[in-house]
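Below is one structure; the comments refer to it alone.
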Amino acid sequence: MTTLTTPLTQYSSGGGCACKMPQSLLDDVLASLNAGDGDPAGSGRTSPAGAALRVGLSPADDAAVLDVPGLEGRSLVVTTDFLTPMVDDPYDWGRIAATNALSDVYAMGGRPLLALNLLAWPENLDRALLAEVMRGGAGAVADAGAVLAGGHSIVDPAPKYGLAVVGEVDENSILRKGGGRAGDLLVLTKRLGAGVIGTAVKRGQAPGSAVSEAVATMSRSNASAAGVATTAGLRGGTDVTGYGLIGHLHEIALAAGLEARIRPEAVPLLPSVAELVRQGCAPDGSRRTLTDALAAGWFDPSTADQTTQLLLADAQTSGGLLLCVPPAIASSTVAALDERGDADAAVVGELVAGRPGHVAIETPPGAGGGESGWTV
């Protein structure tokens with residue numbers, strides 16, 4: 001392991017996917033572009049060569065999907081993602097950042113084929129650390145069965161790393177944000193809390209055991225979870241990243257024209273995160289997501305306390321898949337996820353008829369209200 005002279009997390013004001021632009025701001029900008037240019041990236045666009053954009057920005061999803069003549073029922077999946085350090089170990093950061101970028105292909109039900117490095121690096125930062133970052137990323141790409149073929153780099157005061165990825169997907173097995181149906185149960189495949197632990201790392205407050213578990217969770221690929229989803233014939237899903245569980249659930253519910261309900265007591269969490277939130281370690285990005293959701297009126301926290309609300313909004317890096325599963329196969333789907341290594345997979349809510357995009361906390365059966373019913 002490389003000896004660190006300066007912790008990587010000190011080079012950026014935020015870490016990982018907590019650095020994403022606010023969800024509401026991005027939505028407003030994209031809406032203005034579409035209004036001015038007639039939906040320039042709308043699905044259904046066709047190139048002169050006959051390639052058709054199956055999934056673009058209208059509606060938006062986790063990655064673009066392009067139908068190319070001659071692929072015989074297969075479509076290309078194209079995505080990119082990069083982020084600042086959320087842990088201090090360079091190898092771990094490289095592996096997490098690459099796993100996070102590859103995840104968008106899995107979130108569409110596909111598999112990665114080709115990746116290119118995206119790198120920003122301070123000119124005064126040890127090149128041995130850079131080598132470790134690149135080694136971690138290369139390992140994740142190799143484990144995914146994809147080819148790493150170059151990339152692009154710039155000099156930048158804050159280190160950033162990620163990938164541009166091309167994958168493929170069976171055109172009949174695409175997972176879409178809007179693919180859920182009323183009555184579907186919501187299955188989350190990884191524990192929440194990576195953003196909280198990343199902030200605690202930056203502040204020197206993170207317990208070593210919690211960091212180890214967070215690194216293991218963020219380094220775990222969503223490949224097997226995507227395999228379970230497509231084998232089960234699921235059509236609705238996304239991955240949980242910088243906008244937290246409520247933010248990405250809002251996107252799923254809005255795209256499906258449905259309302260979502262969360263059961264906080266069922267949401268799996270990384271160790272120590274509730275206490276770390278109480279110590280002030282919620283990322284700024286998580287606080288923005290929660291504040292914007294409450295201001296916009298699409299999130300109803302009911303009687304949930306502030307700690308619970310912040311955990312449900314916690315900005316994840318390389319988070320799990322959030323799958324829309326018909327009730328009849330929910331138990332078998334969770335069992336299959338467990339058998340393939342996603343032991344924390346759990347049913348955390350449901351989609352119901354109601355206000356499109358609205359996310360509400362559901363009172364547990366038998367709970368009489370009050371905070372005692374909201375242990376996450």
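The values are calculated or read from the model by the stated rules, or taken from the named source; none is laboratory data. Only a predicted model underlies this, so the values are computations on that prediction, with no experimental measurement involved. Using ideal geometry, Cβ is built from the backbone for each residue, glycine included, and neighbour counts are taken over all protein chains shown. We work out accessible area using only protein heavy atoms, side chains counted, and drop any ligands, DNA or RNA first. Shrake-Rupley method; radii C 1.70, N 1.55, O 1.52, S 1.80 Å.
Among the residues of segment 195-244 satisfying the criterion of being part of a helix (DSSP H, G or I) and charged (D, E, K, R), which is most open to solvent (accessible area, probe 1.4 Å)? Only one residue fits best here, namely ARG203.
Given GLY109, GLY94, which one is surrounded by 19 or more Cβ atoms within 10 Å (Cβ to Cβ), part of a loop (DSSP other than H, G, I, E, B) and either of a type in the set (Phe, Trp, Tyr) or at pLDDT 95 or above (or both)?
Testing whether each residue is surrounded by 19 or more Cβ atoms within 10 Å (Cβ to Cβ), part of a loop (DSSP other than H, G, I, E, B) and either of a type in the set (Phe, Trp, Tyr) or at pLDDT 95 or above (or both) leaves just GLY109.
Quick check on segment 286-294. Is at least one of its residues of a type in the set (Val, Ile, Thr) and either in contact with a Pro (Cβ under 9 Å, 6 or more places away or on another chain) or crowded, with 16+ Cβ neighbours inside 10 Å (or both)? Yes, segment 286-294 has at least one match. Filtering segment 139-163 to residues that are out of contact with any helix residue (DSSP H, G or I) (no Cβ under 8 Å at 6 or more places or on another chain) and under 19 Å from ALA98 (Cβ atoms) leaves ALA142, ASP143, GLY145, ALA149, GLY150, GLY151, HIS152, SER153, ILE154, ASP156, LYS160.
Which pairs do you get when a residue that is of a type outside the set (A, V, I, L, M, F, W, C), found in segment 336-358, comes within reach of a residue that is at pLDDT 95 or above and open to solvent by 70 Å² or more (accessible area, probe 1.4 Å), reach meaning Cβ atoms under 7 angstrom, with the pair 6+ apart or on two chains? Pairs that qualify, where the first residue is of a type outside the set (A, V, I, L, M, F, W, C) and the partner is at pLDDT 95 or above and open to solvent by 70 Å² or more (accessible area, probe 1.4 Å), are GLY349/ARG261; GLU350/ARG261; PRO356/LEU254; GLY357/LEU254. Look at segment 206-223: where a residue is more than 18 Å from GLY242 (Cα to Cα) and a partner is in a helix (DSSP H, G or I) and open to solvent by 20 Å² or more (accessible area, probe 1.4 Å), sitting 6+ places away or on another chain with Cβ atoms under 8 Å, you get VAL211/VAL201. Of the conditions (1) modelled with pLDDT under 95; (2) crowded, with 24+ Cβ neighbours inside 10 Å, GLU362 fails just one. Which one is it? Of (1) modelled with pLDDT under 95; (2) crowded, with 24+ Cβ neighbours inside 10 Å, only one is false for GLU362: (2). Of ARG203, ARG191, all but one fail to be closer than 21 Å to ARG287 by Cα and in contact with a strand residue (DSSP E or B) (Cβ under 9 Å, 6 or more places away or on another chain); the exception is ARG191. Selection over segment 245-278 of residues that are open to solvent by 10 Å² or more (accessible area, probe 1.4 Å), closer than 25 Å to ASP104 by Cβ and not in a helix (DSSP H, G or I) gives a count of 4. Taking the condition of being in a helix (DSSP H, G or I) and touching a residue at least 12 places away in the same chain (Cβ under 8 Å), how many residues in segment 279-293 meet it? Result for segment 279-293: 9. Taken over segment 173-194, residues that are part of a strand (DSSP E or B) and either open to solvent by 10 Å² or more (accessible area, probe 1.4 Å) or within 30 Å of SER12 (Cβ to Cβ) (or both) amount to 4. Every listed requirement among (1) buried (at least 16 other Cβ atoms within 10 Å of the Cβ); (2) assigned to a loop (DSSP other than H, G, I, E, B) is met by GLY145 save one, (1). Residues in segment 336-355 that are part of a loop (DSSP other than H, G, I, E, B), open to solvent by 30 Å² or more (accessible area, probe 1.4 Å) and within 23 Å of GLU213 (Cβ to Cβ): ARG340, GLY341, ALA343, ASP344. Selection of first residues in segment 142-167 that are within 14 Å of LEU119 (Cβ to Cβ) and of second residues that are open to solvent by 50 Å² or more (accessible area, probe 1.4 Å) and outside any strand (DSSP E or B), restricted to Cβ pairs under 6 Å at least 6 apart or on distinct chains, gives the following pairs, ordered by first then second residue: VAL155/GLU123; ALA158/TYR11; PRO159/TYR11.
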